[in-house]
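Remarks on the structure that follows.
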Amino acid sequence: MAEEAAVRAQAEVVRRLKQDKADPDEIAKEVAKLLEMKAQLGGDEGKHKFVLKTPKGTRDYSPKQMAIRERVFNAIIACFKRHGAEVIDTPVFELKETLTGKYGEDSKLIYDLKDQGGELLSLRYDLTVPFARYLAMNKITNIKRYHIAKVYRRDNPAMTRGRYREFYQCDFDIAGQFDPMIPDAECLKIVHEILSDLQLGDFLVKVNDRRILDGMFAVCGVPDSKFRTICSSVDKLDKMPWEEVRSEMVGEKGLSPEAADRIGEYVQLHGGLDLIERLLQDPKLSQNKLAKEGLGDMKLLFEYLTLFGIAGKISFDLSLARGLDYYTGVIYEAVLLQQENDHVEEPVSVGSVAGGGRYDGLVGMFDPKGRKVPCVGVSIGIERIFSILEQRVEASEEKIRTTETQVLVASAQKKLLEERLKLVSELWDAGIKAEVLYKKNPKLLNQLQYCEDTGIPLVAIVGEQELKDGVVKLRVVATREEVNVPRESLVEEIRTRTNRP
């Protein structure tokens, strides 16, 4: 018991040191001592109990969840490929200096790793900065690529809303020197195609331009040094009312109340071509070179979106800011307007489900000669989309298949294991997705029940008579219809019956 008391006392020492914000080395020394005492206390009996949980902000995925996730990925990849994208991959961690200074106020969310072999490393925060590093390093000036991979953020997770510390991003980017707004319009078309295809409900894509924002800040009297920090306040308008955002700008960020009020007049505007035309005539904005450029491009963008037939789903919204530092031109964000769900009383609120924009200066930051490669891209918020679809499946009690097995090889009599194994092997070699139960003499009823439970559509039954006749009895699980199929035609018959349109 004395040892346990000593451990408790040592734990109290560590707690007090942390509370008093003592020297980190001293805290580390006392923590090491505490761990040593704990190890001695429980070491000989191996009493250590594992805490069976995933780390905060992460999750496991069950086969059912993975089946839904795979369906979503396939739809997104099909769209990216339809638009001619190649695929790349990059390391999960980068040199710390690669990521530093690219994310504005969000930089505090980067996961830094311990020094390994003389390199300071950080887990990637998104897929855009690694892409820019990849372009600069390989001297690539022209590519259309997609990249689907995990990223990491030391965030306070809100997992019910699809917000995690480890999550997937699905990025599509077009790099290269092209005529204005054509690639940008295609990125918005891709967002429209994916959100329509996944049938998530009604959505809206908000569009703005960093140049319009910067021009607006300038004419409203925001000092240059405060542009980025005021930008990140404006970015909160989708979550906070204007009054709160205004008090943050004035109270926390030291902006004059007059400048804040002038910003308020603009950031509450949203519309389409009519609003763009109106702002092009605005006496203050039209005098600002940056804002005028941005509005000119915005007008062109809306003309292309009209040609693509999607302008009705796009809103020019002056409150959209997107907090990341690297954006230089058009920025956009897709939001779901409302989850109509009869089964769930509370509508599922998930915020934005896609976002992106133009970042013409990022590659130049990495290039030794500062050569710029204009880029525009979009990131699909797969976790949020997945949260919605998962809740929808739960509510509808839809049965999700977790395997793609086309046929179960079964037998009605005993002592036919060898024949079952021979047949299943033939099917595997022919590329058929097939299973067999791991029992020598399974009951036919159990084999049929297994198909019902897992959604396997066909059963190939071998019996003594079938072997003599050189046929296999093929049973359709749903209708219980049975046909004798010559063994040499079995593969073709299974393909025909399970070929999904």
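The values are calculated or read from the model by the stated rules, or taken from the named source; none is laboratory data. Since the model is a prediction, treat every value here as computed from it, not as a measurement. Every residue, glycine among them, receives a Cβ derived from its backbone with ideal geometry; neighbour counts consider all protein chains shown. Quick note on the areas: whole protein, heavy atoms, side chains included, nothing else; ligands and nucleic acids left out. Shrake-Rupley method; radii C 1.70, N 1.55, O 1.52, S 1.80 Å.
The residue that is modelled with the highest pLDDT, among those in the range 98-132 that are of a type in the set (D, E, K, R) and closer than 20 Å to residue 373 by Cα, is 126.
If the condition is being surrounded by 21 or more Cβ atoms within 10 Å (Cβ to Cβ) and small (Gly, Ala, Ser), then the range 365-378 contributes only 377.
The C-beta contact set for the range 122-147 (first residue more than 12 Å from residue 88 (Cβ to Cβ) and open to solvent by 10 Å² or more (accessible area, probe 1.4 Å), second residue part of a loop (DSSP other than H, G, I, E, B) and among the aliphatic types (A, V, I, L, M), distance under 6 angstrom, 6+ apart or interchain) comprises 141/373. The C-beta contact set for the range 356-369 (first residue among the small types (Gly, Ala, Ser), second residue open to solvent by 20 Å² or more (accessible area, probe 1.4 Å) and not in a loop (DSSP other than H, G, I, E, B), distance under 6 angstrom, 6+ apart or interchain) comprises 356/379.
Residue 96: touching a Ser or Thr at 6+ places or on another chain (Cβ under 9 Å), open to solvent by 60 Å² or more (accessible area, probe 1.4 Å) and in the same structural domain as residue 391 (by the TED database), yes or no?
Values: touching a Ser or Thr at 6+ places or on another chain (Cβ under 9 Å): yes; open to solvent by 60 Å² or more (accessible area, probe 1.4 Å): yes; in the same structural domain as residue 391 (by the TED database): yes.
Taking the combined requirement at face value, the residue satisfies it.
Against the definition (surrounded by 12 or more Cβ atoms within 10 Å (Cβ to Cβ) and touching a Pro at 6+ places or on another chain (Cβ under 8 Å)), how does residue 90 come out, yes or no? Yes, satisfied.
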